[in-house]
Amino acid sequence: MSSLAGWRGTVPQAADALQLMIGSMVGPHPVHGRLIADDLAVATVHPGCGETIERIASSGDGSVVVAFAGHLFTEDDTVRRYPARHCLELYRDAGRDFPSRLNGSFAVVVHDGPRSELHLVTDRLLSRALYYSAGSPFLFASEIKAILEFPGVSRQVNSDRMLEFLLRKRLFGPVTYYDHIASAPDASVTTWDGSGIRSTRYWRPPCDRQLCHDLPRNARRLHAALRGAIGRACAGATRPGLLLSGGLDSRTVATASPRPLTCATMHRQEGREVRTARRVARTLGYDHHFERLPDAFPLGLVTDGALIADGRDGFHHAQALHLGGWLRREGVDALLGGWFLETFFSATDLIQRQLSLFGRGRPVPLLASIEDLDLADWIWHCRVGGNRRALGELVSEERLEHVAAQAKQRIRNRLNDLGAEAPNRQALATVALAGETSAHPTHTNVTAADRLAPALMLLCDSELLDLFFELPREHRLCHRLYSRLLTQTDPRLRWVPYSSTGLPVSNSAWLEFAAGSLSQAASWAAETCVRRLNPDRTLAHSPWPPFHRAVRARPEWHAYLRRRVAASRLADLGVLPGDGLRALVEGHIVGRRNNWVLLALWVTLEEWLHRYG
């Protein structure tokens with residue numbers, strides 16, 4: 001996707017330094033725009049696919065410069081093709097409030113020479129990150145790699161934040177692995193005036209909205225909002241596509257689309273997931289393609305997978321690179337998906353309570369009162385990485401608690417900024433979680449185009465996002481809203497089963513809830529029994545080739561992991577003990593214990609530190 005990088009200040013050999021920053025970005029990114037002035041340098045890069053878009057614009061006297069990365073959701077062809085010019089005009093009219101008039105997935109940099117200010121602007125859900133380093137010069141970029149490649153920038157890491165990533169698969173708040181590099185907050189204008197940094201929010205969740213408890217009406221409204229958002233996001237595309245699974249999220253997107261979609265399903269085998277997706281596509285009259293993933297994760301993709309997401313997402317998501325061939329063959333220039341829709345509209349992150357089942361804590365919905373919960377504590381614990389037990393054998397409990405306390409404080413700061421005391425606390429917590437997904441840009445970067453966008457970008461549509469705050473909690477429970485939407489808008493889909501349950505999508509909410517809950521419980525119990533009886537086996541419903549299975553089955557993985565342990569940067573930095581890592585890896589290789597979640601994150605960090613540590 002398009003990215004930007006640059007600085008404010010004076011730099012000798014500016015052209016060479018700017019090229020170093022641009023060249024670090026993953027993927028084939030030809031320079032789309034470049035501007036070098038006395039106290040400003042900026043460049044935008046773009047994959048070169050799709051329509052030509054102007055990404056840098058300046059005022060007539062060059063005193064105000066705007067650089068744009070992303071895509072505006074609009075049917076206005078001029079605004080869509082000249083977004084930087086549009087932002088410049090809005091800035092002249094509204095000043096720092098101009099982002100409130102934008103709709104889409106974007107990152108914008110505005111240099112106001114007369115005021116000696118540089119503004120970094122992010123969209124409402126931070127679907128595109130903007131990182132900065134407030135030194136001399138002031139550096140900014142869409143990817144951390146670009147800042148680290150600038151001559152003289154320190155690569156000293158913060159070990160506590162690496163432990164946080166190993167615990168919860170992400171970093172909470174506007175921080176990175178580097179103390180001198182931060183991320184601009186969501187829905188904000190971050191301003192640097194030479195003396196300091198200040199951030200101002202231009203959008204806050206509208207938590208004072210009146211809740212609507214009419215389920216059929218809410219289903220119709222969600223369908224209309226999705227339809228409008230898809231139409232605006234895919235405006236100008238010649239052939240929009242959809243990553244279609246057998247679940248309800250992508251199926252809902254398919255039903256709401258105002259245009260025919262070319263669908264694809266990625267999986268290791270042509271099982272129930274693929275058959276269900278194909279049936280959904282045929283029911284709607286869409287073309288469907290099955291893209292087979294390799295049975296074992298290719299060792300050659302490990303480094304690319306770690307670098308794509310700046311070391312902040314598991315490397316295994318790089319398998320989405322296999323989509324490239326299908327995109328080229330079919331000429332798809334706008335790609336949708338169901339990612340993250342579940343966070344907003346299908347209750348995946350409802351407030352839940354942990355119950356002990358078979359010796360493990362399991363989240364059970366509807367048992368916890370949201371008024372009695374510490375939201376920061378819940379957000380921290382609901383993003384379970386499954387690594388606390390294994391890390392507890394390597395790192396002291398006191399240090400893990402220290403890391404958790406730091407992260408929870410950043411979460412509390414974010415909730416306070418959003419307005420955590422508003423009535424709709426559940427909605428606020430969900431938005432707070434969605435705002436952290438900017439640490440997971442893999443799916444957007446590997447597809448290498450702005451409108452090959454996951455659902456998080458679709459949710460940046462202002463109309464769809466505002467609707468979320470008018471839905472009561474009970475309408476986001478176990479797909480009730482989805483089920484009603486699907487049966488109202490296209491009754492043919494009622495009898496196409498939901499892949500994880502194998503049962504039809506019923507418009508009877510209680511049957512949907514009971515069937516889904518029982519099926520999920522049975523699936524979890526069966527998987528637990530299988531893994532305990534034979535740790536080398538896994539159930540076949542997962543679309544991603546299991547890392548732990550590949551490790552045990554392929555000797556080249558054994559050698560790779562042992563090399564990584566022998567030259568571990570995390571051990572050198574004192575994040576994890578070398579002997580403990582060695583025992584962790586050997587125990588996994590011989591099948592004594594399944595540590596694949598922790599090992600996958602550890603490998604990601606090792607690959608990142610090998611390059612940028």
- Item | Calculated FRET efficiency for the pair Glu556/Trp203, C-beta based, R₀ 51 Å, to 0.05 | 0.55
- With a point put 7 Å past each Cα toward its Cβ, work out how far Gln488 is from Ile36 in nm, to one decimal. 5.8
- Treat each spin label as a single point 7 Å out from the Cα along the C-beta direction, and report the Glu586 to Asp295 distance in nm. 3.0
- Principal semi-axes in Å for segment 14-139 [√(5λ), Cα gyration tensor, largest first]: 21, 19, 14
- Query: Rounded to the nearest whole Å², what accessible area per residue is found for segment 17-172 with the 1.4 Å probe?
  - Reply: 34
- What translational D, rounded to a whole number of µm²/s, comes out for segment 142-211 from Stokes-Einstein when the hydrodynamic radius is the Kirkwood one over Cα pairs, at 25 °C and 0.890 mPa s? 166
- Query: Sorted by average packing, counted as other Cβ atoms within 10 angstrom per residue and highest first, what order do 326-337, 177-188, 213-224 take?
  - Reply: 177-188, 326-337, 213-224
- Once label points are set 7 Å from the Cα along Cα→Cβ at both Gln210 and Arg329, what is their separation, rounded to one decimal in nm? 5.3
- Message: When only alpha-carbon atoms are used, what values of Rg and Dmax, in angstrom, describe segment 290-342?
- Response: 12.6, 32
- Using a Förster distance of 30 angstrom, determine the FRET efficiency expected from the C-beta separation of Asn413 and Glu470, and round it to 0.05. 0.65
- Task: Quote the accessible area belonging to Thr283 in square angstrom, nearest 10, computed with a 1.4 Å probe and with ligands, DNA and RNA left uncounted.
- Result: 30
- Mind checking the full-extension length gain between Glu117 and Ser396? Use 0.36 nm per residue of separation minus the Cα-Cα distance, one decimal, nm. 95.9 nm
- Query: Hey, what do the phi angles of segment 92-107 turn into as Karplus ³J(HN,Hα) couplings, whole Hz, using 6.51/-1.76/1.60 and θ = phi - 60°, x for Gly and Pro?
  - Reply: 4, 7, 10, x, 5, 8, 4, x, 5, 9, 9, 9, x, 10, 7, 9
- Query: Considering only DSSP beta bridges with both partners in segment 169-282, what is the antiparallel share in %, to the nearest 5?
  - Reply: 65
- Going 7 Å from the Cα of His180 toward and past its Cβ, which residues in segment 139-169 have a backbone nitrogen under 16 Å from where you end up? 139-141, 144-159
- Message: What's the magnitude of the charge dipole for segment 112-184 around its Cα centre, counting Lys and Arg as +1 and Asp and Glu as -1 at the beta-carbon? Answer in Debye, nearest 20.
- Response: 280
- Message: In whole percent, and with a 1.4 Å probe on the protein chains, what portion of the accessible area of segment 173-239 is carbon and sulfur?
- Response: 50
- Task: Over segment 195-280, average the accessible area per residue using a 1.4 Å probe and give it in Å², no decimals.
- Result: 39
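The values are calculated or read from the model by the stated rules, or taken from the named source; none is laboratory data. All figures in this text were calculated on a predicted structure; none of them were measured in a lab. Neighbour counts run over all protein chains shown; Cβ positions are idealised from the backbone, glycine included. Ligands, DNA and RNA are excluded from the accessible area calculation, which covers all protein heavy atoms including side chains. Shrake-Rupley method; radii C 1.70, N 1.55, O 1.52, S 1.80 Å.
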